Amino acid sequence: MKLWVGETEIKGNRWKGKELGSICGFGGEGRGRTEGEPTGGEVEVLVVKGGAEQREVSWGEDGFWEGEEGWGGVAGKVATMWHTSGSHVKIVLVPTKTWNIRSSLHSLIAILVTTVLVAAVYLTLDGGLQLLYQDYCHITTTLETSAAAAAGENPKLPSSSRCNLFSGKWVFDNQSYPLYKEKQCTYMSDQLACEKFGRKDLSYQNWRWQPHQCDLPRFNATALLERLRNKRLVFVGDSLNRGQWVSMVCLVDSAISPKLKSMQTKFNGSLHIFKATEYNATVEFYWAPLLVESNSDDPVNHRLPDRIVRVQAIEKHARHWTDADFLVFNSYLWWRRDQMNVLWGSSESSDAIYKDVEMFRVYEMALQTWSDWLEVHVNRTKTKLFFVSMSPTHQSAKEWGGESGENCYKETKPITEEGYWGNGSDPKMLRLVENALDGLKVRGLDVQMLNITQLSEYRKEGHPSIYRKQWEPLTEEQASNPSTFADCIHWCLPGVPDQWQRWKWNKKKTHVPALVFFFFMFIVFSNLHSQRRILQIQESPDRVYHRQDSVTFVKPNLFTQQNHAPEVLDRFSTCNSTREYSGQTILWTDRTPEYGHRRESLERCDVFSGKWVFDNASYPLYKESECPYMSDQLACHKHGRPDLGYQYWRWQPHNCNLKRWNVTEMWEKLRGKRLMFVGDSLNRGQWISMVCLLQSVIPSDKRSMSPNAELTIFKAEEYNATVEFLWAPLLVESNSDDPVNHRTSDRIIRPDSVLKHASIWENADILIFNSYLWWRQGPVKLLWSAEANGVCEEVDGLGAMELAMGAWADWASKVNPLKKQVFFVTMSREWKQESEGNCYSEKSPIDLEGYWGSGSDLPTMSMVETVLSKLSSKVSVINITQLSEYRKDGHPSIYRKFWEPLKPEQLSKPTSYSDCIHWCLPGVPDVWNELLFQFL
């Protein structure tokens, strides 16, 4: 049998994968072909790379592929069958006919089997906690262990198996430890340099952590730097995490020549960056002792009598972590007090709220804020996340059998009592962290816990004690009694934190249980047949309608691929003829990777469920007369409304508080960004509300508003930010797209295309969509993009909206939520005139909880909810419907500018022309924007 890679014949039957580079630790990837039985045809080869060394791939004359201590895969014009022999994985290559996804369902099944098998094996190896200098693709462990067990042997489990790395004992090892010398670390901290500051017993440097059932690998600085090549490793937290960062820097420091490394400090000392130039890698530390914002965020001057925490604010810190490849968090000791002073809002604001709250509750809220940020912003295909458990203190020698009143001072040996747990570690706080990580796992985000607590509990002698730099002069009382100023919190280096580094990336996921695997295979094959028609459509290079049980699927947003571009719809467009709806429907699928799940609520409570509270102390958030961009359609006070009570109502969720509006914070969120509202006049009202909320802090010569057009732009020069509104009432292209002259006798849409509008909105950073009322005005005519003869189809409003939502969803499904935030605002109700009247003369909200009027269409809501549920990772929902239902008093009614003269009969009966659709400003839309502020 012969083997080619590209056009090069590989002589013999061995091929070194390093000739093709390295991909994710698998070794090389290349396309080749074989000649001779039993394979034939062409194959694609993934070459094995096992451990830190390059392994070889053996192609046997019998047609077997065999990889030593690793794994490989084959895909292409072959079907595959996997089996094992001894400690090796083998793949039997079976000759098949030329691959054609359209012509052979069996071929589709074959390649799917291969893909699923490769994925299943890969999932068993995923590097959530893999050691940076360990092999990423080692699967022989389980096979070898199984073989040994079958032979009746008692195998020693290697480090990559199911051994608990955190359960073990400390072993004295002065041959291998320390891993570096304190004096030789260029960047050693004086807080941790115990030998430099007089400590004579150095045995604390010679202890090695030994798990009970396995061995940890020997540290290899060069291999670690290779794994960090072109990457950012960022430690975030307090001085204990800073100590771990110093440890990591010292571990790799010796492997880098002086001219090829540097240390940089940024942001007043909050961010320290060690850079290995040769590897284009950085190891960084960011000071955020409470993770969220606080008055202790200064990296030097942070010792304050009153600790104030902004428990819902994390952006100031988080923007420095966003692009990291590895994030290592900790936060514990700074929470150790009974109560914390919590700040809602900004300390610079006159309406800021301060409240003393039990520490555990504040810690839980801070972890929730941290979790919410991770869920939305972390690229889970790139960033590995870790949380370091609490580092114990040794403040009371009595706990380990020492003298009362003493602490870690003079201690020279570890505690040997297995399972020892001192009072310096709080199990309740550990459970709160575990609950937060479990919650993130439910949301699809894996944060690995580095449980350093138990093993560090034993090391009472590992602290600096009195052997460190003291930043303030010692008092006479302290000097006479060293234990009073002994540091029993931090750790000497070299020492305990070096052990924390050894397994940070070592733990591997356990093998996927066979039952789960076969269940997954069952689901795949169950769905394969029903999805076959859809797959054919996806593979179709042109627009071909495929019928399935009288349903015709149309791929949206593709007319640019046609031989002709359809005529642009405008208010003068007409249909040459109209026929009944043919039943064509929009086919859209999400083909982009999942980045995470957005939520309807960022809190554990439902912010959309609550009540309106009269609050004339905090509301309105601005004055109508002081907003130069106020619309005459919404300026109710200007147009004669005498009662202003509608301005004073605040939305109060049942089980939580909305984040207080802060205009400066909002501008900071928008700095350098485009915020765009897209939709109808209700969304335009929300846009005007946002402009009025924001404009007051921008000097008049530093802000501008473009003329009213399809796209209207408010710009703040200081922040290089824009707040924009795009008129697109039906989302898809229509003959109502003129922002002024859009009232037409026949509503015509292109149900399969949003491309006209999307070409404008696609470059925005934050998008807020809505569409509802324009679908409730009678039948809609459909002019499909492929229709060349101007023949329209007619369908009811709900059916037309469902088609349009499908075309919009096709666009939204391709959004990368790491780069663009997309929101959809649910329907704002319409108050129809009833026999007893409408919103005219109404002055107070409805106080009947759960009230639901006829102006909100349940079938439409259900349809929209179905579409949005499929976009949960890409689109966040701002559910304003129920809270707006209560506000019958919030509409302009007759107090607005009317663009056409009123008739005598209208004037005689105000309810006949009352505007019970739009909303007065200041008013209800301001709350919608407060919800948006909550999400951002």
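Ranking Leu367, His463, Ala318 by how far each Cα lies toward the positive end of the dipole of segment 168-501 (charges on Cβ) leaves Ala318 at the top. What distance in nm separates the simple spin-label points at Asp746 and Glu718, each placed 7 Å from Cα in the Cβ direction? Label at Asp746, label at Glu718, 5.3 nm between them. Computed from the Cβ-Cβ distance with R0 of 60 Å, the FRET efficiency linking Asn301 to Asp796 stands at 0.35. Here Asp738 and Asp323 are evaluated by their C-beta separation; at R0 = 51 Å the FRET efficiency comes out at 0.75. Ranking Tyr895, Tyr840, Gly853 by Cα position along the charge dipole of segment 834-917, where only Lys, Arg, Asp and Glu carry charges on their C-beta atoms, puts Tyr895 farthest toward the positive end. Farthest toward the positive end of the dipole of segment 168-501, out of Asn341, Gln184, Asn280, is the Cα of Asn280, where the dipole comes from beta carbon charges about the Cα centre.
Checking the Cα-Cα distances for Lys181/Lys460; Lys781/Lys903; Lys623/Lys897 against a 27 Å cut-off, the pairs over it are Lys781/Lys903.
I want to make sure I understand the PRE zone here: with the label point 7 angstrom from the Cα of Glu406 toward its beta carbon, which residues in segment 478-503 have backbone N atoms less than 12 Å away? Only 483 fall inside the zone, counting backbone N under 12 Å.
Are any of the pairs Lys814/Lys870; Lys669/Lys819; Lys231/Lys441; Lys275/Lys673 more than 19 Å apart by Cα-Cα distance, and if so, which?
Working: Lys814/Lys870 12 Å; Lys669/Lys819 14 Å; Lys231/Lys441 24 Å; Lys275/Lys673 30 Å.
Those over the limit are Lys231/Lys441; Lys275/Lys673.
Taking the Cα centre of segment 382-453 as the origin, how large is its charge dipole in debye, to the nearest 20, when only Lys and Arg (+1) and Asp and Glu (-1) carry charge on their Cβ atoms?
On the way: 9 positive and 10 negative charges, 96 e Å.
In debye, rounded to 20, segment 382-453 gives about 460.
A 1.4 Å probe, protein heavy atoms only, puts the accessible area of Ser625 near 110 Å². For the pair Ser262 and Ser203, what calculated FRET efficiency results from E = 1/(1 + (r/R0)^6), where r is the Cβ-Cβ distance and R0 = 25 Å, to the nearest 0.05? Calculated transfer efficiency: 0.15. Average projection, convex hull of the Cα set of segment 610-935: 17.4 square nanometres. Per residue, segment 610-935 exposes an accessible area of 38 Å² to a 1.4 Å probe, with every protein chain left in place. Shown are Val252, Val568, whose ranking by accessible area with a 1.4 Å probe and every protein chain present, most to least, is Val568, Val252. With each label modelled as a point 7 angstrom along the Cα→C-beta vector, the Gln906-Thr277 pair spans 7.5 nm.
Counting only protein heavy atoms and a 1.4 Å probe, tell me what percentage of segment 777-936's accessible area is made up of carbon and sulfur. Intermediate results must be reported in sequence, preceding the final value.
Numbers: 3120 of 6140 Å².
Carbon-and-sulfur percentage of accessible area, whole number: 51.
Here the dipole of segment 168-501 is about 1080 debye; that uses its Cα centre as origin and unit charges on the Cβ of Lys and Arg (positive) and Asp and Glu (negative).
For the peptides 388-400, 332-344, what is the packing order when you average, over each peptide's residues, the other Cβ atoms within 10 Å and list the highest mean first? Could the numbers behind the result be given before it?
Values: 388-400: 21.0, 332-344: 17.9.
Listed from highest to lowest mean packing, they are 388-400, 332-344.
Over the heavy atoms of Lys196, what accessible area does a 1.4 Å probe trace out, to the nearest 10 Å²? Number for this one is 130 Å².
What accessible area per residue, rounded to a whole number of Å², is obtained for segment 168-501 using a probe radius of 1.4 Å? Provide the component values of the computation, followed by the final result.
On the way: 14330 Å² over 334 residues.
About 43 Å² of surface per residue is accessible.
Please list, by residue number, everything in segment 234-268 whose backbone N is under 19 Å from a paramagnetic label point 7 Å out along Cα→Cβ of Leu430. Label zone hits: 240-241.
Using a 1.4 angstrom probe with every protein chain in place, what is the largest-first accessible-area order of Thr664, Thr369? Intermediate values should be presented prior to the final figure.
Values: Thr664 65, Thr369 20 Å².
These residues rank, largest area first, as Thr664, Thr369.
Length available on full extension from Gln184 to Gln448: 0.36 nm per residue minus the Cα-Cα distance, which gives 91.8 nm. Net charge dipole, segment 610-935: roughly 740 debye, given to the nearest 20, about the Cα centre with Cβ charges of +1 for Lys and Arg and -1 for Asp and Glu.
Between the alpha-carbon centers of segment 337-407 and segment 442-467, tell me the distance in whole angstrom. Spelled out, the Cα-based centre of one part sits 15 Å from the other.
Explain nothing, just the number: relative contact order of segment 857-936, from Cα pairs under 8 Å at least 6 residues apart, as a whole percent.
Computed over segment 857-936, the figure is 32 percent.
Tally the DSSP beta bridges in segment 610-935 and give the antiparallel ones as a percent, rounded to 5. Walk me through the numbers before you get to the answer.
Working: 20 of 40 bridges.
Here the antiparallel bridges make up roughly 50 percent for segment 610-935.
Put Glu865, Glu284, Glu668 in order of accessible area, highest first, and with a 1.4 Å probe you get Glu865, Glu668, Glu284. Rounded to the nearest 10 square angstrom, Met861 shows an accessible area of 50 square angstrom against a 1.4 Å probe. In this simple spin-label approximation, Asp615 and Lys870 carry label points 7 Å from Cα along the Cα→Cβ vector, and these lie 3.9 nm apart.
The values are calculated or read from the model by the stated rules, or taken from the named source; none is laboratory data. Every value quoted in this text rests on a predicted model; they were computed, and no experiment measured them. Please note: Cβ atoms are built from the backbone with ideal geometry, for glycine as well, and neighbour counts cover all protein chains shown. The protein model used for the area step is the full one, side chains on, heavy atoms only, and it has no ligands, DNA or RNA in it. Shrake-Rupley method; radii C 1.70, N 1.55, O 1.52, S 1.80 Å.
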